[in-house]
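The values are calculated or read from the model by the stated rules, or taken from the named source; none is laboratory data. In this text the structure is predicted, and so the values were computed from the model without any measurement. Please note: Cβ atoms are built from the backbone with ideal geometry, for glycine as well, and neighbour counts cover all protein chains shown.
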Amino acid sequence: MANLTAHSGTPEPAQRVRAVPPATRRSGLPGTLRSEFTKIRSVRSTWLTLAAFVAGSLLIALAATAGNRRNVGQASFDPTVNSLAGTIYFGELVIVVTGALVITSEYGTRMIGTSLAAMPRRGVLYAAKAIALACVTLVVALVTSFASFFVGQAALASTHAGASISSPGALRAVLLAAIFVTCCALLGFGLGAVIRHSAGAIAALFGLLFVVPLVSNALPASAQRDLVRWLPGNSVLYQIVAAKPTGTHDVFGAYGELAVFAGYAVIAVAAGALLFRRRDV
């Protein structure tokens with residue numbers, strides 16, 4: 001019977017060919033992360049901003065330590081703070097803008113539609129952007145923080161009043177400064193996702209970080225003492241990079257103030273994620 005079927009001359013049915021290749025697997029975070037790292041690497045403004053952050057931090061570290069050499073020997077002199085002043089104060093000014101531009105620039109150029117077409121899962125796209133930004137910023141901030149510390153201490157070498165990385169509190173201050181700068185980037189990213197406009201996001205960031213702490217100075221002294229520890233900028237930043245931070249009833253210690261600032265970043269990123277998933281392009 002098999003032979004009759006084989007030699008009957010009846011053509012076998014042709015194998016059906018699919019017009020569209022079968023789907024392999026759902027697009028996920030790893031591929032989107034690679035895409036976001038490529039975007040950051042290929043955008044010139046990002047690298048120019050990060051280069052300005054590194055150069056500015058080193059110059060301020062050198063200027064601060066050289067300018068405060070006359071204070072060597074005083075009880076208030078902290079060589080670690082002088083070395084890291086540029087990293088946190090200049091970083092707060094520059095890196096928040098970088099974080100905001102990572103997402104607002106795509107809205108400004110309408111490239112966000114292309115990004116969503118390539119990765120329609122909004123939660124994955126948003127997470128990939130945040131992770132890529134945090135990784136790049138943390139690496140650059142760590143390098144800058146260590147370099148600023150050593151540049152500053154080199155300027156103090158002749159005074160014999162400098163600190164080494166093994167001095168009490170020095171390594172902690174260097175690491176916390178880098179983490180603080182990373183939180184700045186995420187704060188800018190979150191507010192950028194909420195506002196979706198570069199100028200508006202930058203204005204809101206500067207208002208939060210610089211104007212609000214200044215306005216609080218107009219409050220009564222008792223209210224100001226209760227409020228200052230919860231504000232994101234200015235005087236509380238000293239606690240993060242001081243080798244011997246002074247935790248008082250007005251402010252928290254190094255870890256406490258960093259946690260407060262990180263809380264602002266978490267709230268901004270969470271609000272941005274919620275709106276990014278729900279709003280139209």
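The set of residues from region 106-129 being hydroxyl-bearing (S, T, Y) and out of contact with any helix residue (DSSP H, G or I) (no Cβ under 7 Å at 6 or more places or on another chain) comprises Y107, T109, T114.
Table: residues versus (1) of a type outside the set (A, V, I, L, M); (2) more than 25 Å from G28 (Cβ to Cβ); (3) modelled with pLDDT under 95; (4) touching a Pro at 6+ places or on another chain (Cβ under 8 Å).
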position: A117; (1), (2), (3), (4): no, no, yes, no
position: C135; (1), (2), (3), (4): yes, no, no, no
position: L138; (1), (2), (3), (4): no, no, no, no
position: A141; (1), (2), (3), (4): no, yes, no, no
position: F150; (1), (2), (3), (4): yes, yes, yes, no
position: L156; (1), (2), (3), (4): no, yes, yes, yes
position: T159; (1), (2), (3), (4): yes, yes, yes, no
position: P168; (1), (2), (3), (4): yes, yes, yes, no
position: A173; (1), (2), (3), (4): no, yes, yes, no
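The single condition among (1) modelled with pLDDT under 85; (2) over 21 Å from V241 (Cα atoms) that T65 does not satisfy is (2). Filtered by the rule that a residue be assigned to a helix (DSSP H, G or I) and at positive phi, region 88-117 gives no residues. Restricting region 165-200 to residues that are in contact with a helix residue (DSSP H, G or I) (Cβ under 7 Å, 6 or more places away or on another chain) and hydroxyl-bearing (S, T, Y) leaves a set whose member that is surrounded by the fewest Cβ atoms within 10 Å (Cβ to Cβ) is S198. For region 197-223, filtering for residues that are modelled with pLDDT of 80 or more and closer than 25 Å to V81 by Cβ leaves 10.
Just one of the listed residues (A127, A141) is under 17 Å from I40 (Cα atoms) and surrounded by fewer than 22 Cβ atoms within 10 Å (Cβ to Cβ), namely A127.
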